[in-house]
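**Student:** Quick one: the structure is below, and I'll ask about it shortly.
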Number of protein chains: 2
Amino acid sequence: MGKVICTGLGPGDPDLMSVRSHRLIRSARQIAHFRKAGRPGQARRIVEGLLAADVAEYPMEYPVTTELLFSSPEYDAALSDFYDHWAARLLDLSQADDVIVLCEGDPFFYGSFMHLYSRLSGLVEVEVVPGITGMSGCWTATGQPITWGDDVLTVLMGTLPEADLTHHMRNADAVVVMKTGRNLPRIKAALTAAGRLDQAWIVESGTMPTQRVGLLADYPHAECGYFSIVMVHGNGRRPGGEG
Amino acid sequence: MGKVICTGLGPGDPDLMSVRSHRLIRSARQIAHFRKAGRPGQARRIVEGLLAADVAEYPMEYPVTTELLFSSPEYDAALSDFYDHWAARLLDLSQADDVIVLCEGDPFFYGSFMHLYSRLSGLVEVEVVPGITGMSGCWTATGQPITWGDDVLTVLMGTLPEADLTHHMRNADAVVVMKTGRNLPRIKAALTAAGRLDQAWIVESGTMPTQRVGLLADYPHAECGYFSIVMVHGNGRRPGGEG
């Protein structure tokens, strides 16, 4: 009887995965990973070259991406069936040997694995290995600390209504916005309403070879990749007026 | 001419540092790390057993800890002198070879290194390697995802005034409070005022052999270690009504 082990892969650069994840992945005999239908998947790309030649791979293809609204019952039902199916499949696979589930970033921080975790708990031993979050990779890429002293940091999803985004952008010192993509116009409108557009940065493909970093106000496109991150750095207390 | 490289060490378990940090530390010929006067220091403890026998070590001892108020001019001046001194020293050391600065967690997330970074920028090449944050290690230790769906996460320092803590605890779905220690009574009062004390967890020494995890309401002490983390998990959207 094996375990289900979800390994956080970190922000994208394979060198930034943890020593433990790296070791688990190299010795894995069964791996599973999420991906959009027809795409190689970012998680799978990160581990390219690390896997044993005879590893069994199980791509878990999301049934829907952006065709349905998050809030629709159809979306909810399709995703629920998808997670039910894969929870049962992983449980079955774990009877013979450990199954390693690859997750970008940190699994318990907005990760899809949590929907399998909640279904598998109590049925099989499940272990989660934390990872460096995508946002850590992105703020490091900007060359500026995200928070100083007693700064308040708020993490927001770009899928939230504009009024909610604006409210939180006004109330926090440092702000990170994830799930950007087609939500970028609303995120920019909220930043503008909060008086913070000029301080905002956008990081695309953080820590990866295609990484691009710049001020959001200079960003030439109306939309961006879904995993691009928008952030406003905090500006809190620091000794001697540095900075 | 060498570089100054700040390596994030992650939450405490040496197995959770990144492959890159691990490699840099094993091959380091000069390391520096922060510690309280007279203490071995948590950063140094994490790398125990990894260092080369002939590595040169430079402990950077904070001049003050809790004797002075954060807001006092004396505290500010003492810390500013301390960072000025060590920035000059690291610059000097880097002339001969790379200097590796060890930092717990993720350096650009409330880390002390940023005060050296701001002083060294432009004078020497400085590289920062992100790490798994202490809070990621801690929420993984609770066995529950910190955020689901569109949850808003706010990170707060326990040093903030109670009214500020309460305000933010009411406004966010998921909450992480760092810098706890002697601030625990105020943090508990704020959680109570926000109606969230019953949902709060406390994690001490997350990912380390001495790790302890439990509900804050059951915590038997009035104060806790400064690096203990208090958190309230989000409870956002999930398909099929799971969890």
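**Student:** Confirm whether residue A:139 is over 25 Å from residue A:107 (Cβ atoms) and not assigned by TED's automatic domain parsing to the domain that holds residue A:107.
**Tutor:** no
**Student:** Give segment B:109-152 a look and list any residue that's of a type in the set (D, E, K, R) and within 22 Å of residue B:62 (Cβ to Cβ), or say none.
**Tutor:** Answer for segment B:109-152, where residues must be of a type in the set (D, E, K, R) and within 22 Å of residue B:62 (Cβ to Cβ): just B:119.
**Student:** Tally the residues that are in a loop (DSSP other than H, G, I, E, B) and farther than 30 Å from residue B:18 by Cβ, restricting the search to segment A:210-229.
**Tutor:** Result for segment A:210-229: 4.
**Student:** May I ask you to say which residue of B:158, B:149 is more than 11 Å from residue B:231 (Cα to Cα), of a type outside the set (Lys, Arg) and at pLDDT below 95?
**Tutor:** Of B:158, B:149, the one residue that is more than 11 Å from residue B:231 (Cα to Cα), of a type outside the set (Lys, Arg) and at pLDDT below 95 is B:149.
**Student:** Another question about this same structure. Which of the residues belonging to segment A:225-239 are over 30 Å from residue B:73 (Cβ atoms) and modelled with pLDDT of 95 or more?
**Tutor:** A:228, A:229, A:230, A:231
**Student:** Among the numbered conditions (1) within 27 Å of residue A:205 (Cβ to Cβ); (2) surrounded by 14 or more Cβ atoms within 10 Å (Cβ to Cβ), tell me where residue A:76 comes up short.
**Tutor:** Going through (1) within 27 Å of residue A:205 (Cβ to Cβ); (2) surrounded by 14 or more Cβ atoms within 10 Å (Cβ to Cβ) one by one, residue A:76 breaks only (1).
**Student:** Check residue A:174 against each of (1) in contact (Cβ under 8 Å) with a residue 60 or more places away in the chain; (2) among the hydrophobic types (A, V, I, L, M, F, W, C); (3) more than 9 Å from chain B (Cβ to nearest Cβ) and name the one condition it does not meet.
**Tutor:** (3)
**Student:** Okay, next question. Scan segment A:12-44 residue by residue and report those that are free of Cβ contacts under 8 Å to residues at least 24 places away in the same chain and either within 21 Å of residue B:17 (Cα to Cα) or in contact with a Pro (Cβ under 7 Å, 6 or more places away or on another chain) (or both).
**Tutor:** If the condition is that a residue be free of Cβ contacts under 8 Å to residues at least 24 places away in the same chain and either within 21 Å of residue B:17 (Cα to Cα) or in contact with a Pro (Cβ under 7 Å, 6 or more places away or on another chain) (or both), then A:15, A:19, A:23, A:41 are the ones that fit.
**Student:** Looking at (1) at pLDDT 95 or above; (2) in contact with a Lys or Arg (Cβ under 9 Å, 6 or more places away or on another chain), which one does residue B:176 not meet, given that it meets all the others?
**Tutor:** Unmet condition: (2).
**Student:** When residue B:105 is evaluated against the numbered criteria (1) in contact (Cβ under 8 Å) with a residue 24 or more places away in the chain; (2) over 22 Å from residue A:173 (Cα atoms); (3) of a type in the set (Gly, Ala, Ser), which criterion, by number, is the only one it fails?
**Tutor:** Answer for residue B:105: the failing condition is (2).
**Student:** Further question on the same structure: With the condition kept exactly as written, say whether any residue in segment A:91-109 is closer than 24 Å to residue A:135 by Cα, surrounded by 16 or more Cβ atoms within 10 Å (Cβ to Cβ) and modelled with pLDDT under 95.
**Tutor:** no
**Student:** Residue B:207 fails exactly one of the following numbered conditions: (1) free of Cβ contacts under 8 Å to residues at least 60 places away in the same chain; (2) in a loop (DSSP other than H, G, I, E, B); (3) β-branched (Val, Ile, Thr); (4) within 13 Å of another protein chain (Cβ to nearest Cβ). What is the number of that condition?
**Tutor:** Unmet for residue B:207, out of (1) free of Cβ contacts under 8 Å to residues at least 60 places away in the same chain; (2) in a loop (DSSP other than H, G, I, E, B); (3) β-branched (Val, Ile, Thr); (4) within 13 Å of another protein chain (Cβ to nearest Cβ): (1).
**Student:** Here is a further query. Within segment B:135-142, identify whether any single residue is in contact with a His (Cβ under 9 Å, 6 or more places away or on another chain) and not charged (D, E, K, R), and answer yes or no.
**Tutor:** Among the residues of segment B:135-142, at least one is in contact with a His (Cβ under 9 Å, 6 or more places away or on another chain) and not charged (D, E, K, R), which makes the answer yes.
**Student:** Output the residue which, of all residues in segment A:183-235 that are of a type in the set (Gly, Ala, Ser) and surrounded by fewer than 17 Cβ atoms within 10 Å (Cβ to Cβ), is farthest from residue B:85 (Cα to Cα).
**Tutor:** Selected residue: A:222.
**Student:** Within segment B:79-98, how many residues turn out to be in contact (Cβ under 8 Å) with a residue 24 or more places away in the chain and over 21 Å from the mean Cα position of the chain (by Cα)?
**Tutor:** Residues meeting the conditions: 10.
**Student:** Tally up the residues in segment B:116-128 that are within 9 Å of another protein chain (Cβ to nearest Cβ) and buried (at least 24 other Cβ atoms within 10 Å of the Cβ), please.
**Tutor:** Number of matching residues: 2.
The values are calculated or read from the model by the stated rules, or taken from the named source; none is laboratory data. In this text, all values refer to a predicted model and were calculated from it rather than measured experimentally. Cβ coordinates were reconstructed from backbone atoms using ideal geometry, including for glycine residues, and neighbour counts include every protein chain displayed.
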